[in-house]
Amino acid sequence: MSPVNTRSKYPKRILGTLSLIGSLLLLVTACFMLPGWQSDPDLSVFWLEDFTSLNQARYFQSGNCLSLDSADGWIQLTTDSAYCASRLFFDTSTLIDEFTAEFDFRIRTGSGSGADGFTFAFVESYDYPAVGANPVAGSGKWLGIEGASGCAVEFDTYYNSESDPDFDNHVAVIRDSVTNHLLVAESPNLEDGAWHHVQVVFDMGEIWIYLDGDLVASGVVPDFAPFEGFLGFTAATGGHTSTHEIDNVRVELQAVLPSHIESSVLLLVDEDLRSELSGKLSRYIHDVESEYPDERLEVDYIAASSATSVRATIQSWYNHSDDRAHGVILVGDLPCAVWEFPWGEVCPLPLYYEDLDGGFSDTDGNGSLDYHNWGANDAPDVWLAYMPGYGTTAGQSISQYLDKLHDYYAEAGVYADRSNEALLYVSDDWATPPDACVPDVFDALASWLSVARVCGNTSTNGFENHITSGIWQVVDLWVHSSSEEHFFDNGSCSRTDIRSLSERGGILTILWGCHAGDFLESGNRSIAQAYVFGDSVGLASVAAVRSIGTEYQQYFIEAASEGTIGDAYKAWLDHAYSQTLIATRFPEDDVDRFVWDFVLFGDPFLAL
């Protein structure tokens, strides 16, 4: 089920780096109010509590330090006494699948020295056995949750070497044990005696955690499956102590996006790659959403047997996303549609997943689409980015690629120092005038990059010398190509040569040549993929999948200077997919039987 959007309009890319890493929470499904609840006109509210009074019958309570401060209106889970441990669970079970939870908390050291923390838990049962010699859940490091079957979001304030990552204050998602951290993020000081507000949005394994309005953790809970369970809070102290207090709990039965979320992207993943990639995809989601807090990545795993089923999944998501739908990322070697031109040439059809209000048909019944109904809008509705990996070992090459991406977002390794240079390498056929070839493209690159331009007399050695001389922001290559190799004026180079470019090349590669991105003809081994899913620094490439060049690419380059390459790619498609433009540019062609068709490989969120 898609989250309800309650956003207002913010500027499109709020760039910011929240150096954190994902977590999770939970909640609910029940649509009735019970006696003793706080009244609320919204029947989607499952749990609403301000602690000015407490209906004891509605809660499971356990522990040696739990107390209600009804005068000030909060619940105290622990005092600052040693070896306190408490639980407070809402005593109505619900299906844990999607929810939005909000609450306030305060941690005070008082006369104590600070420790250990609390959790917001979703577990199969709240009456789990205590661990350790002390009541309820043993010493402070267990946070009152050890022994439960299920998950929790922990707000931990004390480092215990047996159970914690290498810092005191952190927010994490744990499963079945405080020693099993699924996701973890270092947090600001939580023991400052001030009230803090938490919002958790959970949607079938995807999680966003906000602390005082800032995203502190996001990601995907690996292999999450809905279950019937209970929601509540736990806390504990050990030899070091703090008070832990909770107030203003509100849990809704649907995932409600925070107001700043402006756009949504579907991450559609081959089901066969779930176990191999779920962890690294969670990290990727965190990296992207930390860099772009107004973006939301929605993950869906699909066992698709046909392009029709993939398109149906994308259309369903698009139709339920209101105006938030922005783009689609396909992960894995998923089925693709095939296009046939009137002269018999066939190629993959990325447009089939991009033009969602249009229609496609196979008029001669041979299994390949050959007619395009343009629909209400000429331009595609979303951009599409492919992460298909390379060859038959798609999972392995995608995994390695996600490692490169993480380094890029962390500005680590070879991505620590990024150049401001572009290589424009042009064969004789487009090298007119000499030393000033492809002026529109050169001007677009030169408006924001330092460009090294080679016009004509291209060669294998010349290209190798240039592309291995460093790390380029953009490599723009105008040479004849197939899906397997480039053909220079003197010599050629293969996709194997490109894949072996160790820590060199271009972060973004633009390929003019015919069929350079044809992943169907090449068996998922196109030369455009080799630039991305290999040993080079490459993180994205754009290419044609048919016998045509990547015309009007200056529109892509100009837009890429101002935003992400996904948005730039969409701007390019918006310009190119015009019936008027196509009819003018190719007057002999039937516009209903024409596609360009271009493809974007790699991460659409790159901003160069």
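The values are calculated or read from the model by the stated rules, or taken from the named source; none is laboratory data. Just so it is clear, the structure is predicted and the values come from calculations on it, not from any experiment. So basically every Cβ, Gly included, is an ideal-geometry build from the backbone, and we count neighbours across all protein chains shown.
A few comments on the model shown:
- Every pair of residues 6+ apart whose Cβ atoms lie under 7 Å, when the first sits in region 367-385 and is closer than 18 Å to A307 by Cα while the second is assigned to a loop (DSSP other than H, G, I, E, B) and hydroxyl-bearing (S, T, Y): D370/T363; Y371/T363; P380/Y577
- Considering (1) modelled with pLDDT under 95; (2) among the aliphatic types (A, V, I, L, M); (3) more than 23 Å from I96 (Cα to Cα); (4) buried (at least 19 other Cβ atoms within 10 Å of the Cβ), the lone condition that A307 does not fulfil carries the number (1).
- Unique residue being crowded, with 18+ Cβ neighbours inside 10 Å, at pLDDT below 90 and of a type in the set (A, V, I, L, M, F, W, C) when the list is A137, A121, A148, A152: A137
- Candidates F230, F202: the one that is closer than 19 Å to D97 by Cα, touching a residue at least 40 places away in the same chain (Cβ under 8 Å) and surrounded by fewer than 24 Cβ atoms within 10 Å (Cβ to Cβ) is F230.
- Residues (part of a strand (DSSP E or B) and farther than 23 Å from G147 by Cβ) located in region 108-125: R108
- Matching residues in region 542-562 - criterion: being more than 24 Å from T584 (Cα to Cα), in a loop (DSSP other than H, G, I, E, B) and small (G, A, S): S561
- Count - residues of region 450-480 that are in contact (Cβ under 8 Å) with a residue 40 or more places away in the chain and either outside any loop (DSSP other than H, G, I, E, B) or closer than 14 Å to L608 by Cα (or both): 11
- Just one of the numbered conditions (1) modelled with pLDDT of 95 or more; (2) of a type outside the set (A, V, I, L, M); (3) surrounded by fewer than 17 Cβ atoms within 10 Å (Cβ to Cβ); (4) touching a helix residue (DSSP H, G or I) at 6+ places or on another chain (Cβ under 7 Å) is not true of C437: (3).
- Any hit, region 574-582, residues being surrounded by 20 or more Cβ atoms within 10 Å (Cβ to Cβ), under 28 Å from the mean Cα position of the chain (by Cα), within 24 Å of I329 (Cβ to Cβ) and not β-branched (V, I, T): yes
- Every residue from region 383-396 that is surrounded by fewer than 21 Cβ atoms within 10 Å (Cβ to Cβ) and either touching a Gly at 6+ places or on another chain (Cβ under 9 Å) or over 29 Å from A337 (Cα atoms) (or both): G391, T392, G395, Q396
- The one condition in (1) more than 30 Å from P226 (Cβ to Cβ); (2) of a type outside the set (D, E, K, R); (3) crowded, with 17+ Cβ neighbours inside 10 Å that G73 fails to fulfil: (3)
- Restricting attention to region 262-278, the residues that are over 20 Å from A394 (Cβ atoms) and crowded, with 20+ Cβ neighbours inside 10 Å add up to 3.
- Residue in region 551-564 that is buried (at least 24 other Cβ atoms within 10 Å of the Cβ) and in contact with a Lys or Arg (Cβ under 8 Å, 6 or more places away or on another chain) present: yes
- The set of residues from region 416-434 being touching a Phe, Trp or Tyr at 6+ places or on another chain (Cβ under 8 Å), buried (at least 17 other Cβ atoms within 10 Å of the Cβ) and either modelled with pLDDT under 95 or of a type in the set (A, V, I, L, M) (or both) comprises A422, L423, L424, V426.
- Residue in region 369-380 that is surrounded by fewer than 13 Cβ atoms within 10 Å (Cβ to Cβ), at pLDDT 95 or above and not aliphatic (A, V, I, L, M) present: yes
- Residue in region 529-541 that is surrounded by fewer than 23 Cβ atoms within 10 Å (Cβ to Cβ) and part of a helix (DSSP H, G or I) present: no
- Considering residues of region 36-78 that are part of a strand (DSSP E or B), within 13 Å of E245 (Cβ to Cβ) and aliphatic (A, V, I, L, M) only, the residue modelled with the lowest pLDDT: L68
- The number of residues in region 450-483 being among the hydroxyl-bearing types (S, T, Y), farther than 11 Å from E421 by Cβ and under 34 Å from the mean Cα position of the chain (by Cα) comes to 4.
- Odd one out for A607, checked against (1) under 16 Å from L351 (Cβ atoms); (2) surrounded by fewer than 21 Cβ atoms within 10 Å (Cβ to Cβ); (3) of a type in the set (A, V, I, L, M); (4) under 27 Å from the mean Cα position of the chain (by Cα): (1)
- Just so you know, in region 187-246 the residues that are part of a strand (DSSP E or B), over 19 Å from the mean Cα position of the chain (by Cα) and of a type in the set (V, I, T) include one that is nearest to T94 (Cα to Cα), and it is T234.
- Test for V251: is it free of Cβ contacts under 8 Å to residues at least 40 places away in the same chain and either of a type outside the set (D, E, K, R) or under 25 Å from F60 (Cβ atoms) (or both): no
- For region 279-300, taking the residues that are part of a strand (DSSP E or B) and more than 8 Å from the chain's Cα centre (by Cα), the one that is surrounded by the fewest Cβ atoms within 10 Å (Cβ to Cβ) is identified as D300.
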